[in-house]
Amino acid sequence: MKKSFWKVTSVLMLLPGIVLAHAGGRDIRGTLVRFDKHELVVKSVTGDSETVPLSDSTTYRVGAEAGAWSDLHDGSRVVVHIGRDGKAIEIHLPSRK
């Protein structure tokens, strides 16, 4: 009984972090088709294209390092974390080689 208690307790402790990750939004994985300072268009791995607005608070990552808007290039593989408001929270690009 003690093992199951600790398992349940552990899951309950981790649940808020999982639920609140990316502000309750979703992710798009795909290829960057087009972008400007206000939005980007990603062709997802399912073949659908989606336009995602950017905000002043959108952050960029290149691998494990901090990145910048200037790291974006047409054809780059990206993972875009989208918040509940539909805007990009964070954009991940592959690491620099």
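The values are calculated or read from the model by the stated rules, or taken from the named source; none is laboratory data. None of the values given here were measured: they were computed from a predicted structure. All Cβ positions, glycine included, derive from the backbone under ideal geometry; neighbour counts span all protein chains shown.
For the stretch 77-92, taking the residues that are touching a residue at least 60 places away in the same chain (Cβ under 8 Å) and assigned to a strand (DSSP E or B), the one that is surrounded by the fewest Cβ atoms within 10 Å (Cβ to Cβ) is identified as Glu90. Count of the stretch 49-97 residues, restricted to those that are more than 14 Å from Leu32 (Cβ to Cβ), of a type in the set (D, E, K, R) and over 13 Å from the mean Cα position of the chain (by Cα), is 5.
Listed by first and then second residue, the pairs linking a residue in the stretch 51-74 that is on the phi > 0 side of the Ramachandran plot and at pLDDT below 95 to a residue that is assigned to a loop (DSSP other than H, G, I, E, B) and loosely packed, with under 13 Cβ neighbours inside 10 Å, with Cβ atoms under 8 Å apart and 6 or more places separating them unless they lie on different chains, are Gly63/Pro94; Gly63/Ser95; Gly63/Arg96. Identify all residues within the stretch 31-61 that are within 16 Å of Ile89 (Cβ to Cβ) and among the charged types (D, E, K, R); write none if there are none. Selection gives Glu39, Glu50, Asp56, Arg61.
For (1) modelled with pLDDT under 55; (2) more than 14 Å from the chain's Cα centre (by Cα), each residue gets a yes or a no:
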| position | (1), (2) |
| --- | --- |
| Ser4 | no, yes |
| Val8 | yes, yes |
| Leu12 | yes, yes |
| Val19 | yes, yes |
| Ile28 | no, no |
| Arg34 | no, yes |
| Lys37 | no, yes |
| Lys43 | no, yes |
| Thr46 | no, yes |
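Just one of the listed residues (Asp74, Asp56) is outside any helix (DSSP H, G or I), surrounded by fewer than 12 Cβ atoms within 10 Å (Cβ to Cβ) and in contact with a strand residue (DSSP E or B) (Cβ under 8 Å, 6 or more places away or on another chain), and it is Asp74.
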